[in-house]
Structures are given as C-alpha cells and as structure tokens.
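The values are calculated or read from the model by the stated rules, or taken from the named source; none is laboratory data. Owing to the predicted nature of the structure, the values given are computational and were not obtained by experimental measurement. Counting neighbours? That spans all protein chains shown, and the Cβs are built from the backbone with ideal geometry, glycine included.
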Amino acid sequence: MEQLYYVGLDIHKKIIAYCIKLADGTIVMEGKIEATRLALKQWAQTIPGPWIGAMEATIFTGWIYDFLKPFARQLQVGNPLMMKAISSAKKKNDKLDARTIADLVRCNLLPRCYMASQEIRDLRRVLRYRKLLVQQTVRMKNRTATLLMETGVEYNKSKLHYVGYFKGLLEQLRDEPESLLEVLRMSRGGIELFTGFQKKLLKGLANNEALCQRVQRLMSIEGIGEVTALTWALEIGDAHRFSSIRKAISYCGLCSGQVESAGKTMRMPLSKQRNKHLQCVLIEAAKLAPQHNPLLRQIYEKERQLGSNHNQATISVARKLVAFLLAVDKSEKPFIKRTAKKAA
C-alpha cells in the first residue's frame, strides 16, 4: 500500500513552518524554511513520497499555492476564521500551528475555502486595482473643487472636469497666485493619469474571450453594467459552488448575522464576514438599477410601502440582483423576462 504524507504549512512573510505526518499522526519531519521559490522547491523534493498539504488563507497564500500545487497530490487552503483549533489554543507558536494544520488535513477536518484559478485571481487583482484608481480620481476631483472654493473662484460644477472648460478656467486665473495654478495643474494631471490608466485596465480585462461572453450574458439583466458584471464574474469565480441563493447572498454580505440561544433568535447588523468588493459594487448597482428595471423598481417601492427606509429597500434590491446574476451564471443563458400569463 502506498504511503501517503500529510503536510501542514504555517505561512509568514519571510519563513514557512512545516510539519509532515503519517496517517497515524507520527511526525516524519518538521522545521522552518525561507519563503522563497528556490527554498520551497528544494524542500518539496525532500518529501519521501506523495503528499497532501494544507495552509491557512493569508495574503501570501496565492503564490505559494500556485508554486507547490504541481509537487503535491492535493493542496488545500483553510478558512482562518473557521480554524478555531489554532486561534483558540492556549499555547500558540509556528511549530504547533503547522502540527495542527497537518492534523486537520490528516483527519479531513480542515474547513476549506474556495481557491479560484490563477487566471481568475490575476484578473481579479487588476480589477481591484482599478477600483483603487477610481477612488483616487474622485479624491483628486474633490480636491480641485476645494481649491477653487478656498480662493473664491466661480466655476461651473457640471463642466469643471471637462478638458476644454478646465483649460479655459486656468486662463482666467492669471491674476491668482502661481502656487494655486501649479496645484490645479497637478490635480488635473493626476485625474487624466488615473482615468487613462483605468481605461487601459478595463481594455486588458476585455481581452479574455470566455470572460467577455460571461459578462455579456450578465449584462442582459436590466440595471447591470459592465463593471458590475465583471466584478461578479471575477469575485464569484465558479458560480456552481453556491448551492442556493441564500449562500450567495451571505457571501456578498447582504444578510445580517444571526445569534441563537435557548430558543431565542436575534438578528445583528450586516455581517462583516463577506466579500467587501462584491458587496460595495452590488449596493451601488442596487441604487441605480430600479431606474432601468421595472421589476426591481417594484421591489424597491414595495419595501418602502412596508415601512423600510431607503437603505433597507436598496439591500432588498441588491439581494434580488444576486438571484438574477446567479441564475444567469449557472444556466449560461441570457436573462429572459417572465411575461404575465394571459387569462383563459
């Protein structure tokens, strides 16, 4: 019978603690190695037989997972929030953490988390960076308006960030201090830089044919735009991993936490255990979608009539968007409206 080894990896920025065990829990080897590709390759070649490895999900997990996957029979990633065996231990250090992870994978008790493909994670990284650029652009625009207000300069708010209008405005400010003009030019340059770069990022994301087809299907839902569809596709990854709409809504952070004890149930605010990038985009989309989608407008108005405030009604719309997006993604067919059945 083939001997199988179970490997626990406790990952840090500079070092990786490891523990290799047999099926009966016997420690074969343990220690620490540098968190470099060369050291990992040399270490993986010293393992005496086929092995199954596991590690916690951290900021460093992605590249280590991709690098070690060809060497392992199976590689798993654990959800750190659910790995209570480590976080609640009385004595905690790198060696014990690696041993515990090895035991969890050996006993098939590791709370696994979904690991998207390397291609999806690369595209997701680009999209998240684009979000950062958008935030910086908004800050620069707000700062430009603030500078003009500080010096009492009159301007047209709706045209301020147009290239031609801004250029003409600078020509009218010749009597203002040179320092103000320099700062305004720098702000405008920053806006143009960020805007141009984010267009390049979106164009680069559009080069993936399969992703483009998926985004086009999602955009068949009225109220869903390119950025919302792209964010859904990259953040969700494989839509079939969600067995129900409720689980997808929970992943998107659109449901409240629940505390139940002694037969009493108490609802908490929206859970912080969510995909914050997807939550943000869906809520922003839900604010505008009722203007383009009659069905979503009905849901919003119904919630308002029942006494919900604007935010609660928007959350209800966002949940319905999740249901639409998940249905389109799983069926791989464009969204089709249901028509009312004619009375016989």
> Given the conditions (1) part of a loop (DSSP other than H, G, I, E, B); (2) in contact with a His (Cβ under 9 Å, 6 or more places away or on another chain), and given that Thr231 satisfies all but one, which numbered condition is not satisfied?
Replying inline: (1)
> Does the stretch 41-59 include one or more residues that are hydrophobic (A, V, I, L, M, F, W, C), more than 16 Å from Ile20 (Cα to Cα) and surrounded by 14 or more Cβ atoms within 10 Å (Cβ to Cβ)?
Replying inline: yes
>> Just the residues that are among the charged types (D, E, K, R) and either closer than 30 Å to Ile236 by Cβ or assigned by TED's automatic domain parsing to the domain that holds Lys272 (or both), please, taken from the stretch 75-102.
In response: Lys84
>> What's the total number of residues in the stretch 319-333 that are of a type in the set (Val, Ile, Thr) and at positive phi?
In response: 0
> Do you know which residues across the stretch 152-167 are surrounded by 12 or more Cβ atoms within 10 Å (Cβ to Cβ) and either modelled with pLDDT under 85 or not basic (Lys, Arg) (or both)?
Replying inline: Val153, Tyr155, Leu160, His161, Tyr162, Tyr165, Phe166
> Among the residues of the stretch 97-119, which ones are outside any loop (DSSP other than H, G, I, E, B), touching an Asp or Glu at 6+ places or on another chain (Cβ under 9 Å) and of a type in the set (A, V, I, L, M)?
Replying inline: Ala98, Ile101, Ala102
>> Is it the case, given these coordinates, that Gly237 is surrounded by 13 or more Cβ atoms within 10 Å (Cβ to Cβ) and within 19 Å of the chain's Cα centre (by Cα)?
In response: yes
>> Just the residues that are charged (D, E, K, R) and in contact with a Lys or Arg (Cβ under 8 Å, 6 or more places away or on another chain), please, taken from the stretch 31-88.
In response: Glu34
>> Checking Arg246 against (1) touching a Cys at 6+ places or on another chain (Cβ under 8 Å); (2) at pLDDT below 90, only one condition comes out false. Which one?
In response: (2)
> Name the residues in the stretch 157-176 that are within 37 Å of the chain's Cα centre (by Cα) and not in a helix (DSSP H, G or I), would you?
Replying inline: Lys157, Ser158, Lys159, Leu160, His161, Tyr162
> If you check every pair at least six apart or on different chains, which have Cβ atoms under 8 Å apart with a residue in the stretch 141-158 that is more than 13 Å from Leu170 (Cβ to Cβ) first and a residue that is basic (Lys, Arg) second?
Replying inline: Ala145/Lys157
> How many residues are crowded, with 18+ Cβ neighbours inside 10 Å and in contact (Cβ under 8 Å) with a residue 12 or more places away in the chain when one looks only at the stretch 175-219?
Replying inline: 12
>> Suppose we keep only residues that are without any contact (Cβ under 8 Å) to a residue 24 or more places away in the chain and among the polar types (S, T, N, Q) within the stretch 65-123. Which one would you say is nearest to Met55 (Cα to Cα)?
In response: Gln74
